[in-house]
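Have a look at the structure below, then the notes.
Since every read-out is calculated from the coordinates, none of them should be taken as a lab result. As the structure is a prediction and not an experimental result, all values here were calculated from the model. A quick note on method: Cβ atoms are made from the backbone with ideal geometry, for glycine too, and the neighbour counts reach across all protein chains shown.
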Amino acid sequence: MTKNSKQTQALRALLLCTVASFAVAQDGAQHAALAQQADQIALDIPAQSLGSALTRLADALGLRLVVASDVVAGKQSMALSGVYSANTAFNRLLAGTGISYSFPNASTVRINAVVLESGDWDGILLDPIAISDTGGEDAIYDTPGAVAYISQTDIERFRGSSPADMFRGTPGVMSGEARNGAGAIDVNIRGMQGMGRVATTIDGTENSMQVYQGYQGISNRTFIDPDLLGGVDISKGSDIKSGGIAGTVAMRTLGADDIVEDGETFGLRLKGSLANNSSSPNAGDVSGYRFRNILRGVGTATESETGMGGTNEWDPAQGSGSIVAAVKTENVDFLTGYAYRKRGNYHAGTNGPSASPQWIGGYGTDLGLYYDFVENAGVSNYRAGEEVLNSELETKSFIAKGTLRFGDGHAVELSHTSFESEAGDFLARTLTSNTSQAVQSSETTGTKLSTDTLKYRWNPIGNDLIDLKVGIWSSDLETLNPPRWGVIDPEDLGLPSDYRVGSQTMMWGLNIDNSSAFDIGAASFDLTYGLAFKSEDVHERPYTTEIENVAFRDAKREETSAYVALSYRPSDWLTINGGLRYAQFETNDRNLSYSPVLEGRDDTAYNASMSDSGYSPSIGVTLEPWHGTQFYANYSEAKRMPSLVETSASFVSVNQSIKPELAKNWEIGANISRDGLFHSSDSSMLKFGFFDWKIDDYLSREWHDAEDGETSTMQVFNIDRAHFQGLELSYRYLLGGFSAEMAANYYTKVAFCRTSATCEDKSLYADYATNQIPPEYSFDLTLTQKLMDDALIVGGRASYLGSRAIGHGDATGQGMSQFITQVNWEPYTLVDAFAEYKINENFTASFRVENLFDQFYVDPISIVAMPGPGRTVYAALTAEF
């Protein structure tokens, strides 16, 4: 079957789904029947977040609650105490919110957003059922799938020194390159990372860029300032809507509802903060010790003369400020904001495996004997409390968005964001071992990002068959790097001496989705379907090839997809869901000057185009045998089309025989919620799950020797499979003003199989995944307590990360020695603490301490041996009007 005929069939199937949905529109009249019910029920629901109040009300009435993502985010409810009918109770809770409700059937209440909310575009499409976020953290315990949520509040309280730190405490989710990422995130879900395996969006747009780090690997970077985030939805596992085979991370920027209080039309938020543990960079400074071992000589370790000065307390080199203003009226919303952040080089902790020279006596090799061989007993070549070079960061972020609502549920949103950063950044291959010395650069790496988004939504009131969303987005991302190979001086080309090389990525996309809910007899259905298109165009900055004498990537990739997902609920205790996704891609490589000879291909016959396509099915079952208990099992097969990096030539040559990865993912789990477990007014929520992922044809990297015996190059190829398996647990306990949250995960298996018969619990020598292996187990505990009539909130979090899940070696390979250096870390515990005091209606002061016990540590899944920041104290003031 040709590619065009497959696309035609997919489009026909989508059209049939749309026609079928509208054909049953006449059944909508019966949906209003339940809304007239007059049965009375005694209720006692205290004032709280609207999402939690709606959940409690639905539970009391024995109803299934369906609500779109973030519709209720940032909203508070009134208290509800007395005897009410269902109609009256929902009317009172939703009064003044601009949100409506409906009863699609006798066991379901659907919360409908009359207004267009930013979060609606970022809701996770969950395979089990069409329930999304019902108000933040509590929602994950009502969702039969592997999901997580990071609230704006948690981002503020535990944001760390880098945007990557906001994922700490989320089971199974981390961000790579936390310290050498130029202020970016590189999300890793259950050991899978990069190349589009995790679909990461900001308000539905993508801005990812792959940064080559020498033989040590690639950084996959997405840029955002956490000060402008309203929340993060995370779905672990293959997502039929986005195509992310390892999961989806949907970040939502601030909306008018986050700034303007209920009943008001204008809101203004001002924030400012200062911190310690920062020193101004000094070009040429060197870290740690210079280790030297001479044959038949005595090893030496010479201590650097720089980097050990004390930090300047409350130095303005570390601080931030932001201003966000918003207007909210019946038909128009507008928000604009600006955030600035600056940090010098931070200092490492003082307690832990810092650099420590150890003389181990004689050490023999084939060449002879080293006398008093010296090695570093620490995990990094930084001393306790030393200034961590090239960790400085300065960012400027801007956002503007406007929403217009008109007519019968029509709304349009237009938004623009920009992000600029100057960050300490260096080629990872220069700092991979615990004896490598870092050198402070005189230049920084620059990033410039601009995004634009236009969204349209049609969600007519009272019509459960139409919830149409159309989004068009674009992003322009440019990096500017000091020359790293520097074969030619920029001045020789008539350029400034500080001219920076780099690349530019232009991306744009189109998404069309519609959701429908309807009944046939006693059964209810939720149908979601859509189309998507994405284009990526990468090319180098002018003169980059001439200066570096290396061909950078110059290629274009396009991917088209269509999906349909159906949730069938024959009774109030059983839900069956299924879905199908079709995707096809094509890459056109314009870099014809770089086409090394590969096995079985003549260089003169170079084909600059690659394409493929395929289908991805999913199915799942959810059982709710009694109130507050869910059991779910989901299976999906998801194809990942090869990325632009894997299908175009640059530092890695093209292998035209590669195939898409095929993920075969199992998720089995349970959600259990109980009130009055230990106390008459407490709430307890537990989520526990087991996952088993097998990724057939996993795309890896190897050192390839061509048949001519003369050419060697790096290339991507398919191994038989990779295997990730483990357990995850989340727990939440609430009692009055006290809350406790626990998260844990444990990997029972991580393996890479070069062939079907050669499987080992080890990473491959030349593969990017070498430094993407997560800790075997981790544990997080967060405690908070409200005091002084809720004016004061105190709390903290402890995080323990264990050792690497598997070793590193390639015994099943072809005898190649280690090619990527494994960056080691030792298990460690970090403790953070915070306090927030509401001075009055308008001002809130906050105080937080990160790494309270000044632990020295190297983050997992890093590709550089760079320690994290030591104890850091932040003080901030927020004004809201």
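State, to one decimal in nm², a quarter of the convex hull surface area for the C-alpha atoms of segment 247-880, i.e. the direction-averaged projected area. Don't jump to the answer; show the numbers that get you there.
Values: hull surface 138.6 nm².
With every direction weighted equally, the projected area is 34.7 nm².
Sorted by average packing, counted as other Cβ atoms within 10 angstrom per residue and highest first, what order do 78-87, 835-844 take?
Details: 78-87: 16.0, 835-844: 14.0.
Result, highest mean first: 78-87, 835-844.
Give me the number: length gained by fully extending Lys749 to Ser100, i.e. 0.36 nm times residue separation minus the C-alpha to C-alpha distance, one decimal in nm. Don't jump to the answer; show the numbers that get you there.
Working: separation 649, 0.36 × 649 = 233.64 nm, distance 4.67 nm.
Between Lys749 and Ser100, full extension yields an extra 229.0 nm.
In nanometres, what is the gap between the two model label sites at Ala42 and Ile619, each 7 Å from Cα along Cα-to-Cβ?
Using points 7 Å along Cα→Cβ, the separation is 4.7 nm.
Treating only the Cβ of Lys, Arg, Asp and Glu as charged (+1, +1, -1, -1), what charge dipole size does segment 462-515 show about its Cα centre? Round to the nearest 20 debye.
Here the size comes out at about 80 debye.
Can you put Ile245, Ile512, Ile861 in order of Cβ neighbours within 10 angstrom, beginning with the fewest?
With the sparsest Cβ surroundings first, the list reads Ile512, Ile861, Ile245.
Measure off 7 Å from each Cα along the Cα-to-Cβ vector at Thr829 and Leu729, then give the distance between these two points in nanometres to one decimal.
It is 1.7 nm.
Using the structure shown, list the pairs from Lys342/Lys455; Lys342/Lys469; Lys455/Lys556; Lys342/Lys448; Lys659/Lys694; Lys241/Lys687 with a Cα-Cα distance above 27 Å, or answer none.
Numbers: Lys342/Lys455 33 Å; Lys342/Lys469 38 Å; Lys455/Lys556 25 Å; Lys342/Lys448 16 Å; Lys659/Lys694 16 Å; Lys241/Lys687 24 Å.
With Cα atoms farther than 27 Å apart: Lys342/Lys455; Lys342/Lys469.
Treating the beta-carbon of each Lys and Arg as +1 and of each Asp and Glu as -1, no other charges, what is the dipole magnitude of segment 247-880 about its Cα centre, to the nearest 20 debye? If you can, show how the numbers build up before the last one.
Details: 49 positive and 86 negative charges, 161 e Å.
That gives segment 247-880 a dipole magnitude of about 780 debye.
If neighbour count is taken as other Cβ atoms inside 10 Å, put Arg405, Arg296, Arg56, Arg590 in order from fewest to most.
Numbers: Arg405 19, Arg296 9, Arg56 22, Arg590 15.
Arranged by neighbour count, lowest to highest, Arg405, Arg296, Arg56, Arg590 become Arg296, Arg590, Arg405, Arg56.
Using a 10 Å cut-off on Cβ atoms, rank the peptides 622-631, 415-424, 139-148 from the highest mean neighbour count down.
Working: 622-631: 15.3, 415-424: 20.6, 139-148: 24.9.
Going by the mean number of other Cβ atoms within 10 Å, highest first, we get 139-148, 415-424, 622-631.
Take Val487 and Asn588, extend 7 Å from each Cα along the Cα→Cβ direction, and tell me the distance between the two endpoints in nm.
Each label point is offset 7 Å from its Cα along the Cβ direction, giving 2.8 nm.
If amide hydrogens are placed 1.01 Å from N in the peptide plane, which non-local residues have theirs closer than 5 Å to the one on Ser803?
Placed amide hydrogens put Glu776, Tyr777 under 5 Å from Ser803.
How much length is gained on full extension from Thr88 to His410, taking 0.36 nm per residue of separation minus their Cα-Cα distance? Could the numbers behind the result be given before it?
Values: separation 322, 0.36 × 322 = 115.92 nm, distance 2.73 nm.
Full-extension gain reported as 113.2 nm.
How large is ³J(HN,Hα), in whole Hz, for each residue of segment 789-805 in order, when computed from phi with the Karplus curve 6.51 cos²θ - 1.76 cosθ + 1.60 and θ = phi - 60°, using x for Gly and Pro?
6, 6, 6, 10, 10, 10, x, x, 9, 10, 10, 10, 10, x, 7, 4, 5
Could you give the length gained on full extension between Glu261 and Tyr543, defined as 0.36 nm per residue of separation minus the Cα-Cα distance, in nm?
Working: separation 282, 0.36 × 282 = 101.52 nm, distance 5.16 nm.
This chain segment gains 96.4 nm when fully extended.
Round to the nearest 0.05 the FRET efficiency obtained for Glu443 and Phe533 when R0 = 35 Å and r is the Cβ-Cβ distance. All intermediate terms of the calculation are to be shown ahead of the outcome.
Numbers: r = 38 Å, r/R0 = 1.09.
Step by step, r from the Cβ atoms, then E = 0.35.
So for segment 247-880, taking the charge dipole from beta-carbon charges (+1 Lys/Arg, -1 Asp/Glu), which of Leu781, Tyr768, Asn655 sits furthest toward the positive end?
Leu781
Between segment 849-878 and segment 417-456, what is the C-alpha centre distance in whole Å?
18
³J(HN,Hα) across segment 321-335 via Karplus (A = 6.51, B = -1.76, C = 1.60, θ = phi - 60°), whole Hz, x for Gly/Pro?
Per residue, the Karplus-derived 3J(HN,Hα) values read x, 8, 9, 9, 10, 8, 10, 9, 10, 4, 10, 9, 10, 8, 9 Hz.
Going 7 Å from the Cα of Leu783 in the Cα-to-Cβ direction, what parts of segment 163-184 have a backbone nitrogen less than 20 Å from that spot?
169-170
Given H placed on each backbone N at 1.01 Å, which residues far from Ser503 in sequence or on other chains put an amide H within less than 5 Å of it?
Thr479, Arg541
With an 8 Å cut-off on Cα pairs and a minimum separation of 6 or more residues, tell me the relative contact order of segment 247-880 in percent. It would help to have the intermediate numbers written out before the result.
Details: 1773 pairs, mean separation 63.6, N = 634.
Computed over segment 247-880, the figure is 10 percent.
Please state, rounded to one decimal and in Å, the Kirkwood hydrodynamic radius that segment 748-868 gives when every pair of distinct Cα atoms enters the mean of 1/r.
Values: mean 1/r = 0.0573 Å⁻¹.
For segment 748-868, inverting the mean 1/r across all distinct Cα pairs yields 17.4 Å.
With charges set only on the Cβ (+1 for Lys and Arg, -1 for Asp and Glu), what does the dipole of segment 210-302 come to about its Cα centre, in debye to the nearest 20?
Details: 9 positive and 10 negative charges, 210 e Å.
The dipole of segment 210-302 has a size of about 1020 debye.
So what's the gap between the Cα centers of segment 318-354 and segment 615-687, to the nearest angstrom?
32
Run the paramagnetic zone check for Thr329: 7 angstrom along Cα to Cβ, then residues of segment 241-266 with backbone nitrogen under 18 Å.
From segment 241-266, the list is 256-257, 260-266.
Which ³J(HN,Hα) values in Hz, rounded to whole numbers, follow from the phi angles of segment 162-170 under the Karplus curve 6.51 cos²θ - 1.76 cosθ + 1.60, where θ = phi - 60° and Gly and Pro get x?
With coefficients 6.51, -1.76 and 1.60, one gets 9, x, 4, 5, 5, 8, 4, x, 9 Hz.
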